[in-house]
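Okay, so here's the structure we're looking at.
The values are calculated or read from the model by the stated rules, or taken from the named source; none is laboratory data. Note that this is a predicted model, so its numbers are computed, not measured. With ideal geometry, Cβ positions are generated from the backbone for all residues, glycine too; neighbour counts draw on all protein chains shown. For accessibility, only protein heavy atoms count, side chains too; no ligands or nucleic acids. Shrake-Rupley method; radii C 1.70, N 1.55, O 1.52, S 1.80 Å.
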Amino acid sequence: MPDLDSPAALELDSLGLLDVIGASVEAFDSARAAAEGTEIRWPPEAIENVAICGMGGSAAAGDLVIGAYRERIRRPVEVIRDYYVPGWVGENTLGILSSYSGTTEETLTSGMQLLDYNAPAICITSGGKLRDYYQERDVPIVPVPPGLQPRAALLHMLVPLVIILQRMEIIPDVTADLDEARETIAAAVAAYGPEVPRAENPAKQLAATLEGAMPVIWGAELTAPVAMRWKCQFNENSKVPSSWAAVPELCHNEIVGMEGMGPIGPLTRILMLREERQHRQNHRRFEYTKELIERDVKGVMNIVADGDGALARMLDLVMLGDYASIYLGLLQGKDPGPVDVIGRLKDRLASSGFGRTAGQQG
Ligand code: PA5
């Protein structure tokens, strides 16, 4: 098994994901400055609801922001992961087009519909067709530095969303939250970075626990979108199958599947993402469910968020999952960076032409 404390083990990280995550505070600051410096021309009262269009790593930012502020969001905000926007979108919808590369066809297509509806739009992107098309039309663009993997650009995509929603008065003033989140990120880099030996590094320890296992991530409330982020990071960074679900819903279906896991059970580790402010009944659901299914799987672990503000508690867990997923990839002899199969699929779809309905070529 590679020794994560040895520099040789890290050489497999060909795209330098550990260096990118190590520069998270700088990313946070630059994203904050980019969003604050972007001109937004609509008065907050003109906006009735918000559609955040994006996929994969660029959509995760939307889920996380909605999750962090779900009790304080004053108008409906939804993440649209599709070619179509829903029927409620109209000229009073703020469309936020979130695509790191600016080339994702679902986002480009749903973005066109926002224009059809005369919805005001903002792009968060590093380039691609998205930037070219909207720049020509004088749509505000929050710039993101190029050359990263989309999932490694999370802070570049997430911090602008927080600031845009605050500026449009959809969430209250979150200056203090952002300041605390920045400290949390700095603390995570210091605690989970590759130079911290395994004996003192919770991210390396978590990765070691997951070796040879399939991580199943369960969250609740604020940690539900974090569970999805972890699942995607285990897929893309560790190259392992993974799934996620949220309490209380999973107590109405998924636990039955866990009991019946049979041969997959001994390969499955359940990670419960907890935090103090979850509903008392949700705490009980985690505990009782653990007792009910523990013997059917390889293990069940509680992982508790640290921090005061919602954004800080959330990013505390996001950073742990990001680091642990990279370390798990390295431990299992996988380069955490490249996700070639995603690119191959995108290229094939792009070369086949697409229209709004099956059979239509566009
Ligand atoms: O992690 C990834 O590379 C993907 O999930 C991408 O984020 C997804 O394919 C969308 O691409 P983009 O973020 O460039 O719009």
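For Arg131, state whether it is among the basic types (Lys, Arg) and under 24 Å from Val25 (Cβ atoms). No: the conditions fail for Arg131.
For region 88-99, a residue qualifies if it is within 21 Å of Glu45 (Cα to Cα) and either part of a strand (DSSP E or B) or open to solvent by 30 Å² or more (accessible area, probe 1.4 Å) (or both), and the qualifying residues are Trp88, Glu91, Asn92, Thr93, Leu94, Gly95, Ile96, Leu97.
Only one residue in Trp230, Trp244 is among the aromatic types (Phe, Trp, Tyr) and either at positive phi or not in a helix (DSSP H, G or I) (or both). Which one?
Checking each option against the conditions leaves just Trp244.
Scanning region 27-73 for residues that are without any contact (Cβ under 8 Å) to a residue 40 or more places away in the chain, within 30 Å of Asn237 (Cα to Cα) and open to solvent by 30 Å² or more (accessible area, probe 1.4 Å) turns up just one, Ala33.
Number of residues in region 133-182 that are in contact with a strand residue (DSSP E or B) (Cβ under 7 Å, 6 or more places away or on another chain), within 14 Å of the ligand (Cβ to nearest atom) and in a loop (DSSP other than H, G, I, E, B) equals 1. Pairs linking a residue in region 187-200 that is touching a residue at least 24 places away in the same chain (Cβ under 8 Å) to a residue that is open to solvent by less than 30 Å² (accessible area, probe 1.4 Å) and not polar (S, T, N, Q), with Cβ atoms under 6 Å and 6 or more positions apart or on different chains, are Ala188/Met319; Tyr192/Ala203; Tyr192/Tyr323; Pro194/Leu18; Arg198/Leu4; Arg198/Lys204. Annotation: of all residues in region 31-72 being assigned to a loop (DSSP other than H, G, I, E, B) and within 16 Å of the ligand (Cβ to nearest atom), the one that is nearest to Glu91 (Cα to Cα) is Gly54. In the set Glu200, Glu221, only one residue is over 22 Å from Val20 (Cβ atoms) and open to solvent by 50 Å² or more (accessible area, probe 1.4 Å); that residue is Glu200. In region 86-105, the residues that are without any contact (Cβ under 8 Å) to a residue 40 or more places away in the chain reach residues that are within 16 Å of the ligand (Cβ to nearest atom) and in a loop (DSSP other than H, G, I, E, B) with C-beta atoms within less than 6 angstrom, at least six apart or across chains, in these pairs: Gly102/Gly127.
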